[in-house]
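The values are calculated or read from the model by the stated rules, or taken from the named source; none is laboratory data. Being a predicted model, the structure only gives us computed values, none of them experimental. Don't worry about glycine lacking a Cβ; one is built from the backbone with ideal geometry, like all the others, and counts go over all protein chains shown. Side chains are part of the model used for accessible areas, which takes the heavy atoms of the whole protein and leaves out ligands, DNA and RNA. Shrake-Rupley method; radii C 1.70, N 1.55, O 1.52, S 1.80 Å.
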Amino acid sequence: LTAWTMIKEAIKFIKSRKFSNEINLHIDTNGTGLTDDIIKFIIKNNILLQVSLDGPKQFHDKYRVFPDGRGSFDIIIRSLKKIRKLDAYYYSTKVGFAVTLAPPYNLLERNDFFKGEMFTEHGILPTFVQSFDTRFFEKYCQNSNSNLLQDMKGLKTHYIKARINNTEPSIFEKGFLER
């Protein structure tokens, strides 16, 4: 969204063409630059929106910070609430979440977070920070006590119980285990 003027012009150009009904527009964002004008434009143009949100504040703000060290969680949640208030249908059908998993993983806590009312109908795309070609783990995770395998077993147990009981698994469980 740092090049919003250019993005907006490109979208207007695409919408002006005959083939525009055949194209789905999609924007990925960290969610910190979603101004009121941008939100209204995105909703009006029915653009799919994927927001990076790594779970509850304590997990999200561990790595997603501004240069001054402030976390971005509260800003993102405010923007999501604005979108939902402006157009609940758009919010429930066009907004999804990219969840980056890094130590501490705490998958069950993240699962509980995404069971909240703001996330009931959304798509979630969980991914892990990759260990190759990065110094991420060396820099941030030297003292991590996270037990990823234990967390994954717990999440799978929740998922299997839901399926056995003929109830819908959480969107986090579905995103994590069905993709």
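Considering amide H positions built from the backbone, and no H for Pro or chain starts, which residues 5 or more places from ASP28, or on another chain, come under 5 Å of its amide H?
For ASP28, the qualifying residues are GLN50.
Distance cut-off 22 Å, Cα to Cα: go down the list LYS115/LYS153; LYS15/LYS85; LYS85/LYS115; LYS15/LYS40; LYS12/LYS40 and report the pairs above it.
The pairs that break the limit, which is 22 Å between Cα atoms, are LYS15/LYS85.
Rounded to the nearest 500 deg cm²/dmol, what is the calculated helix-only ellipticity per residue at 222 nm for the chain, with -39500 (n - 2.57) per DSSP H run of length n ≥ 4?
-13500 deg cm²/dmol
Over the Cα atoms, compute the radius of gyration (one decimal) and Dmax (the largest Cα-Cα distance, rounded to a whole number) for region 50-114, in Å.
12.5, 36
How large is ³J(HN,Hα) for each residue in region 88-98, as worked out from phi by the Karplus curve 6.51 cos²θ - 1.76 cosθ + 1.60 (θ = phi - 60°), to whole Hz, x for Gly and Pro?
4, 5, 4, 4, 7, 10, 10, 9, x, 9, 9
Ignoring any ligand, DNA or RNA, what whole percent of the accessible area of the chain comes from carbon and sulfur when the probe is 1.4 angstrom?
Details: 5590 of 11010 Å².
Carbon with sulfur: 51 percent of the solvent-accessible area.
Taking the Cα centre as origin and putting +1 on Lys and Arg beta-carbons and -1 on Asp and Glu beta-carbons, what dipole magnitude results for the chain, to the nearest 20 debye?
Here the size comes out at about 400 debye.
Return the FRET efficiency for the residue pair ILE77, ASN147: r is the Cβ-Cβ distance, R0 is 30 Å, and the value is rounded to the nearest 0.05.
Numbers: r = 28 Å, r/R0 = 0.95.
It comes to 0.60.
I want the local charge near GLY71. Using Cβ-Cβ distances under 10 Å, sum +1 for each Lys or Arg and -1 for each Asp or Glu among the other residues.
+2
What is the P(r) of region 1-75, as percent of Cα-Cα pairs per 10 Å bin from 0?
Going out from 0 Å in 10 Å bins, region 1-75 shows 17, 43, 26, 12, 2 percent.
Between SER52, SER79, SER16, which gets the highest mean-square fluctuation from a Gaussian network model of the chain, Cα cutoff 10 Å?
SER16
Just the number please: accessible area per residue for the chain, 1.4 Å probe, all protein chains included, in Å².
The answer is 62 Å² per residue.
So what is the relative contact order for the chain, in percent, with contacts set as C-alpha pairs under 8 Å and at least six apart? Write out the running numbers ahead of the final one.
On the way: 202 pairs, mean separation 33.2, N = 179.
Once normalised by length, the contact order is 19 percent.
With volume of the Cα convex hull per residue in Å³ defined as stated, name the option among [x] 163; [y] 127; [z] 150 computed from the structure displayed.
Among [x] 163; [y] 127; [z] 150, the one derived from this structure is [z].
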